[in-house]
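Written below as structure tokens is the structure these notes are about.
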Amino acid sequence: MNALRIRGGSGLTLETKNSRLVFDTKPLGNSIQFISHAHLDHVYNLSMKDVVMSEETASILKAVHRRGEWTKLKYKEKFRIGDCLEISMEPAGHVLGSTQYIIDVNGLRTVYTGDFNIYDSLIHQGAKPVESDILIIESTYGIPYYRFPAREKTYADIVRWVLKTISSNEIPAFKVYSLGKSQEIIRVINTYLDIPVVVSKPVSKISDKYNEHGIPLEYVPIDKVEGLEVLKQGECVYVSSYRENVPTNKKVRWAVATGWALRYRHSNYDISFPLSGHSDYYGLVKYILESRPKQVYTIYGYAKEFSTNLRRIGINAKPVYEASQSTLD
Ligand SMILES: [Zn+2]
């Protein structure tokens, strides 16, 4: 008997006879906590004793002053609990260090994707589907409305806007997540334009970790004299996770880059680009078809709508919060 139970409710908790594993959610007493990546909505109490994450995730969390004694894993490394439970990680293509967790219990394979992106970007390879019996898949963009344009097109639109703004003697600035999106924007500018990128302090701290882990990025932090000089000279791009007063006499034009730009207006911004670290609806479905699970549980975002759509195309799916105490064996 495989005896793996999925607990319903918020977040994801798996239980075997002897262990309780929580993923990206608040730890219950006596559980092992697994973190899929360093976005703070996936990170809870890190001072507990049994916390597992990738080496890269740990180095990002340290850089943003989170403290704790954590078990750090490399991709594909095996983490064993007792005789019959084995856990390993595969890249998720979302941000530096993001992982899919593979949980093997007596021949039954469960995969939890965490936030993931199947499409290649300038900084990450797309997540590869992992075959499973049970798949727990994020559904942030889990309705058919979300079909993202080809990344190259969005990159080209970004470059065009940056050039246009600079040729008007203004400074193009991006308000984007400090982890993931900032680094992709920096890389777009580094790759296609010969224009320096000035970044806010939080963006610089996290970008340093990308450089340390072999993803080269060129930027100048604003809290260094050099950053202020580049801004004064005037021809540059600015990247920050918050909209702030940039120390320059020039007009600053702000852009956002997020998958939500497909649907929602960002009226306080000059422009918005539909650039996402997640898979769109069609990417989520593609992943499921290629990983061929027997049972799918959806989690986050459009979990209910996504599972309804999946059932319509013959896939056995329900939201994870409806999984209450289901026994899988
Ligand atoms: Zn995330």
**Message:** Taking the criterion of being surrounded by fewer than 19 Cβ atoms within 10 Å (Cβ to Cβ) and not assigned by TED's automatic domain parsing to the domain that holds Gln183, would at least one residue in segment 251-263 satisfy it?
**Reply:** no
**Item:** Of residues in segment 99-114 being under 18 Å from Thr13 (Cβ atoms) and in a loop (DSSP other than H, G, I, E, B), the one farthest from the ligand (Cβ to nearest atom)
**Value:** Thr113
**Prompt:** Looking at (1) more than 15 Å from Lys181 (Cβ to Cβ); (2) in a helix (DSSP H, G or I); (3) not β-branched (Val, Ile, Thr), which is the only condition Lys250 fails?
**Reply:** (2)
**Fill in**
Among (1) in a loop (DSSP other than H, G, I, E, B); (2) away from the ligand (no atom under 16 Å from the Cβ); (3) more than 15 Å from Ala38 (Cβ to Cβ), His65 falls short only on (3)
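Mind checking whether some residue in segment 108-121 is modelled with pLDDT of 95 or more and over 28 Å from Gly214 (Cβ atoms)?
Going residue by residue through segment 108-121, those that are modelled with pLDDT of 95 or more are 109-121.
Pick out the ones that are also over 28 Å from Gly214 (Cβ atoms) and you get 109-110.
Yes, segment 108-121 contains at least one residue that is modelled with pLDDT of 95 or more and over 28 Å from Gly214 (Cβ atoms).
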**Message:** Taking the condition of being touching a Phe, Trp or Tyr at 6+ places or on another chain (Cβ under 9 Å) and more than 16 Å from the ligand (Cβ to nearest atom), how many residues in segment 33-49 meet it?
**Reply:** 2
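Of the residues Asp223, Asp208, which single one is within 23 Å of Leu61 (Cβ to Cβ), surrounded by fewer than 19 Cβ atoms within 10 Å (Cβ to Cβ) and in contact (Cβ under 8 Å) with a residue 40 or more places away in the chain?
Working: Asp223 fails: in contact (Cβ under 8 Å) with a residue 40 or more places away in the chain.
Of Asp223, Asp208, the one residue that is within 23 Å of Leu61 (Cβ to Cβ), surrounded by fewer than 19 Cβ atoms within 10 Å (Cβ to Cβ) and in contact (Cβ under 8 Å) with a residue 40 or more places away in the chain is Asp208.
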**Asked** Counting only residues that are over 16 Å from Thr16 (Cβ atoms) and surrounded by fewer than 24 Cβ atoms within 10 Å (Cβ to Cβ), which one in segment 125-140 is farthest from the ligand (Cβ to nearest atom)?
**Response** Glu131
**Complete:** Listed by first then second residue, the pairs whose first member lies in segment 53-64 and is β-branched (Val, Ile, Thr), whose partner is part of a loop (DSSP other than H, G, I, E, B), with beta carbons under 7 Å and at least 6 positions apart or on separate chains, are Thr57/Ile35; Thr57/His37; Thr57/Ala38; Thr57/Gly97; Ile60/Ala38; Ile60/Leu96; Ile60/Gly97; Ile60/Leu179
**Complete:** Exception for His266 within (1) outside any loop (DSSP other than H, G, I, E, B); (2) under 29 Å from Ser10 (Cβ atoms); (3) away from the ligand (no atom under 16 Å from the Cβ) falls at (1)
**Message:** With the requirement that a residue be in contact with a Leu (Cβ under 8 Å, 6 or more places away or on another chain) and free of Cβ contacts under 8 Å to residues at least 12 places away in the same chain, what does segment 211-220 give you?
**Reply:** Asn211
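If the requirement is being surrounded by fewer than 17 Cβ atoms within 10 Å (Cβ to Cβ), assigned by TED's automatic domain parsing to the domain that holds Ser291, within 21 Å of the chain's Cα centre (by Cα) and assigned to a strand (DSSP E or B), which of these qualifies: Lys76, Lys72? Full working, then the answer.
On the way: Lys76 fails: assigned to a strand (DSSP E or B).
Every option except Lys72 fails the conditions.
The values are calculated or read from the model by the stated rules, or taken from the named source; none is laboratory data. Worth saying up front: this structure is predicted, and the values here are computed from it rather than measured. Ideal geometry is used to build each Cβ from the backbone, glycine not excepted, and the neighbour counts take in all protein chains shown.
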